[in-house]
Amino acid sequence: MKIEARNALVVYFKTRLQDGHRSLREKFVASGDAVRLLLERCQLIDEVLCELWSELALPASLALIAVGGYGRGELYPASDIDLLILLPERPDPVLTSRLEQLICVFWDIGLEIGHSVRTIEQCLEEAAGDVTVQTAMIETRLLAGSAKLFEGFSVIIKGSLDAPAFFLTKKMEQEDRHQRFSDTPCTLEANCKEGPGGLRDLQLILWIAQAADYGKNWKDLERGGFITTEEEQLLEACEAFLRRLRTQLHLLVGRREDRLLFDYQTMLAEQLGFTASATHRSSEQLMQQYYRVAKTVTQITAILLQNIGAALFPPPQEPPQPINERFQNTHEFLDVVDEEVFNQTPAAILEAFLLLQQHPELKGMSARTQRSLWRARRLIDADFRRSPENRARFLQIFKQERGLLQAFRRMNQLGVLGRYVPSFGRIVGQMQHDLFHVYTVDQHTLQVVRRLRRFAMEEFAHEYPFCSRLISDLGSPWILYIAALFHDIAKGRGGDHSELGAIDARQFCDEHGLDAADTELVVWLVRQHLLMSRVAQKQDISDPGVVARFAGVVGDERHLIALYLLTVADIRGTSPKVWNAWKGQLLEQLFKATQRFLLSSEATLMTEGVIAQRQKEAIRLMRSFALPENAHEPLWEQLDTVYFLRQSAEEIAWHARALHDLVDVDQPVVRARLNALGAGIEVMVYMHDQADLFLRMIGFFSRGGYSIVDARIHTTRHGYALDTFILLDVSGRDIDRAMISHVEHELGDRLARQVPVEVPANGRISRQVRHFPIQPLVSIQPLVSLEADETGKLFVLTVVAADRPGLLFVVAQQLAGHGASLHTAKIATLGERVEDTFLISGGHLDESAGRVKLETDLLKQLQG
């Protein structure tokens, strides 16, 4: 084909496609009919491809075949167009050139295609070892070319499918996919295609059904007895919702995007007809509808997989094994003896979950048991909840050695948990716009229970050795599981959710007969579940006063162990990105310091005793480096009490080793090492103090891609700065000796040359912050501490704001501008939210007007 003719062809079909897509979009906006759009887009693409095939005069012996979603006749606005060009034999060079020209034209007119050129034999070879290829070839349509070749292909491919093997592979594929999404559809930015309960789960069932020749749609499966009429209708409705949601999402974004990101949720909700109410945003209503649909899909597809599996792998003809008069073991599934069991004996609802925990030989619940439980959930009313038998049984579920998380997940999935604990029902599907949670409140709660359970299981002891040892020492870990269930149960009500949750927890404990000590512990844990995280991340835990006050609230070792375990589980269950080794280190340090405080006599708790202990331990550590016995004295003579209170014995020894012969050095000394407790890099800077020193160091670290999580700033008696930083690498680079050497050399060189302050590069604000901005908070309060204050009155500056690049630099810049000195900095990052605490002095902080001025100026910078 001549170039002019080809170009004219491209322009014609490109314009036709653009006009056609515009028309389809207008029809969809007017009608909201997603099925019509998907079909008509297929028809549009069919017509264009067939005409092009004809225009380019491809040999009649070839076949152009639609595969995958396009073959199914379901083409979303931004989906790829999957094509198979089927050949009767391998192509010669001339045909190869013509096919390449065809593919180029497809792309030039604006089609995003995924294509393959194969003979039938090549298709069989590929399909033999690749279930993805088998799946694509299940759904095929002939577009143009040889009908005979296509029919032969269809017969051979169909005959090559091993339905049982295909079922097992797809089932395993689904399990792996669900695991990537933490086995829950209830993430705040769910994936409506790949996530649990999304479109992929529906497609997977129909692929298996077609491979096994059980049908092509939900009606066929209903006729085959795999689902009930009610379930068939529910699946049709769920599929219609998901189709419309994904179609609207593609049109809104203008490209393939299946994640319901915060960026799109509000506009999507409005386009789908949701309107904001006094209590709920339109986006929250959309997402709650999505969660309900996804849970329904998850529930019914699980039943379908079980029933199809039973048909493909017929179990042996064995009679059910009785468990009791209500339940039996049918082919290793918990089965009701009669579908009316729960109506006749409502107490059997909770008994079903308990039996599943108590019988490890059971693989799950039979399909009819799940259906019966779903229908019976409304039998759980006030009378049911008041029953002593039901209360005792619910408590027994907590106390079992296995299966607690699975029981709670099933109960939540079937609507039982929210009916039995109504306050839990109110948090099901509830969004959390706090920039660090990634799950709805109910799913976060189950994640916390999951973490606690893993602490108690021997097979996970290698993951959490310290937590595993503590929970075994605690005894009665089920107390922690109850506290976990209630720790966030009052979210969304307004007010302090910890206090309101404690009221609910007390009522539950009283109603379920817990003794006074256990009730007090559960209620206290719910009320104080944020305390340990706040103290560890915001206060100076090397200060004996901080430890003493925290120990005063904790009271005894049992409360300390329980709070530590719940805190670790809570943080780890929030988001995969929130927990890091530094947070773990802080919590463990606070735990051990408090434990020593609680177990020590009061005489050893005085400040002088703490300092003496640390100095003695530091000297012991230095001996192994063959230093003179008095090597530490020149440096220690220049250090005050506050230094020894803020540094650990190991850090004191490190400083003395590095500086014992450099106390009066003229050039900056920079030393870096892997943090002794395994989290990031620790950097020490020692030099003559000077203006803007802290600001220059912050600028260097920020531009280097490091996040400062802890800073301790000290000035010696003879005017030297002795500053220590803990850095985490935000870019995920491996920390090695070369990186440590780079920090030592580059920072030392800049400080020696007195390079001007390096302003951190501006970075991008995260999506979450853009859509759910945090109103910054700044407060300055006098410090209440046991520390000996040799430098004047100290103040605690607290900053709460959305995380952003250069935030710490902004704070340091304001402090320098107001003449305030920084002593310590604790940087707590919770997802996209920072809660930073600084110990400061100087400037005009002694005057209330000076504090107000600093607060105001800093707030302006943070808001900007």
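A few points about this structure:
- Those residues of the stretch 559-600 which are acidic (Asp, Glu) and under 20 Å from residue 728 (Cα atoms), in sequence order: 588
- Which listed residue, of 401, 361, is under 29 Å from the mean Cα position of the chain (by Cα) and of a type outside the set (Ser, Thr, Tyr): 401
- Considering residues of the stretch 6-18 that are open to solvent by 80 Å² or more (accessible area, probe 1.4 Å) and within 19 Å of residue 79 (Cα to Cα) only, the residue farthest from the chain's Cα centre (by Cα): 14
- Residue within the stretch 771-786 that is modelled with pLDDT of 85 or more, open to solvent by 20 Å² or more (accessible area, probe 1.4 Å), at negative phi and of a type in the set (Gly, Ala, Ser) present: yes
- Comparison of 466, 486, 408 shows that the only residue that is aromatic (Phe, Trp, Tyr) and more than 23 Å from residue 385 (Cβ to Cβ) is 466.
- Among the numbered conditions (1) at pLDDT 95 or above; (2) under 33 Å from the mean Cα position of the chain (by Cα), the only one that residue 214 does not meet is (2).
- Of the helices (runs of 4 or more DSSP H) lying entirely inside the stretch 294-384, those carrying at least 1 residues that are exposed (fewer than 13 other Cβ atoms within 10 Å of the Cβ) are 341-344.
- For residue 393, the stated conditions hold: it is open to solvent by 20 Å² or more (accessible area, probe 1.4 Å), modelled with pLDDT of 95 or more and not hydrophobic (A, V, I, L, M, F, W, C).
- Some residue of the stretch 179-191 being of a type in the set (Gly, Ala, Ser) and open to solvent by 50 Å² or more (accessible area, probe 1.4 Å): no
- Evaluation of residue 194 against (1) closer than 22 Å to residue 440 by Cα; (2) surrounded by 18 or more Cβ atoms within 10 Å (Cβ to Cβ) (one fails), failing number: (2)
- Number of residues in the stretch 102-136 that are open to solvent by less than 20 Å² (accessible area, probe 1.4 Å) and touching a residue at least 40 places away in the same chain (Cβ under 8 Å): the value is 6.
- Cβ pairs under 6 Å, 6+ apart, first in the stretch 468-485 and in a helix (DSSP H, G or I), second of a type in the set (Gly, Ala, Ser) and modelled with pLDDT under 90: 468/461
- The stretch 458-501, residues that are among the small types (Gly, Ala, Ser) and either within 25 Å of the chain's Cα centre (by Cα) or at pLDDT below 85 (or both): 461, 468, 475, 483, 484, 490, 492, 494, 498, 501
- For the stretch 808-864, a residue qualifies if it is touching a residue at least 60 places away in the same chain (Cβ under 8 Å) and of a type in the set (Ser, Thr, Tyr), and the qualifying residues are 821, 824, 829, 837.
- Selection within the stretch 462-492: residues that are touching a Lys or Arg at 6+ places or on another chain (Cβ under 8 Å) and not aliphatic (A, V, I, L, M). The member of this set that is nearest to residue 422 (Cα to Cα) is 492.
- Filtering the stretch 150-177 to residues that are closer than 18 Å to residue 129 by Cβ, assigned to a helix (DSSP H, G or I) and touching a residue at least 12 places away in the same chain (Cβ under 8 Å) leaves 156, 157, 160, 163, 164, 166, 167, 169, 170, 173.
- Residue 25 being in contact (Cβ under 8 Å) with a residue 12 or more places away in the chain, of a type outside the set (A, V, I, L, M, F, W, C), open to solvent by 80 Å² or more (accessible area, probe 1.4 Å) and more than 30 Å from residue 100 (Cβ to Cβ): yes
- Residue match in the stretch 525-547 (condition: touching a strand residue (DSSP E or B) at 6+ places or on another chain (Cβ under 6 Å) and open to solvent by 30 Å² or more (accessible area, probe 1.4 Å)): yes
- The criterion of at least 2 residues that are within 25 Å of residue 118 (Cβ to Cβ) is met, among helices (runs of 4 or more DSSP H) falling completely within the stretch 1-73, by 34-55, 68-71.
- Number of positions in the stretch 421-467 that are touching an Asp or Glu at 6+ places or on another chain (Cβ under 8 Å), polar (S, T, N, Q) and not in a helix (DSSP H, G or I): 1
- If the condition is being crowded, with 20+ Cβ neighbours inside 10 Å, within 43 Å of the chain's Cα centre (by Cα) and within 23 Å of residue 154 (Cα to Cα), then the stretch 41-63 contributes 42, 45, 49.
- Check on residue 518, of a type in the set (D, E, K, R) and outside any helix (DSSP H, G or I): no
- Number of positions in the stretch 638-676 that are open to solvent by 40 Å² or more (accessible area, probe 1.4 Å), in a strand (DSSP E or B) and not hydrophobic (A, V, I, L, M, F, W, C): 1
- Test: residue in the stretch 565-585 that is among the acidic types (Asp, Glu) and touching a Ser or Thr at 6+ places or on another chain (Cβ under 9 Å): yes
- Residue list for the stretch 812-852, filter: among the polar types (S, T, N, Q) and touching a strand residue (DSSP E or B) at 6+ places or on another chain (Cβ under 8 Å): 821, 824, 829, 837, 841
- Residue in the stretch 554-574 that is β-branched (Val, Ile, Thr), under 20 Å from residue 449 (Cβ atoms) and either touching a strand residue (DSSP E or B) at 6+ places or on another chain (Cβ under 9 Å) or at pLDDT below 90 (or both) present: yes
- Yes/no for residue 76 being in contact with a Lys or Arg (Cβ under 7 Å, 6 or more places away or on another chain), touching a residue at least 12 places away in the same chain (Cβ under 8 Å), open to solvent by less than 30 Å² (accessible area, probe 1.4 Å) and among the hydroxyl-bearing types (Ser, Thr, Tyr): yes
- Lone qualifier among 326, 368 - being farther than 25 Å from residue 201 by Cα, in contact with a strand residue (DSSP E or B) (Cβ under 8 Å, 6 or more places away or on another chain) and not acidic (Asp, Glu): 326
The values are calculated or read from the model by the stated rules, or taken from the named source; none is laboratory data. Since the model is a prediction, treat every value here as computed from it, not as a measurement. Cβ coordinates were reconstructed from backbone atoms using ideal geometry, including for glycine residues, and neighbour counts include every protein chain displayed. Note: areas computed on protein heavy atoms with side chains; ligands, DNA, RNA excluded. Shrake-Rupley method; radii C 1.70, N 1.55, O 1.52, S 1.80 Å.
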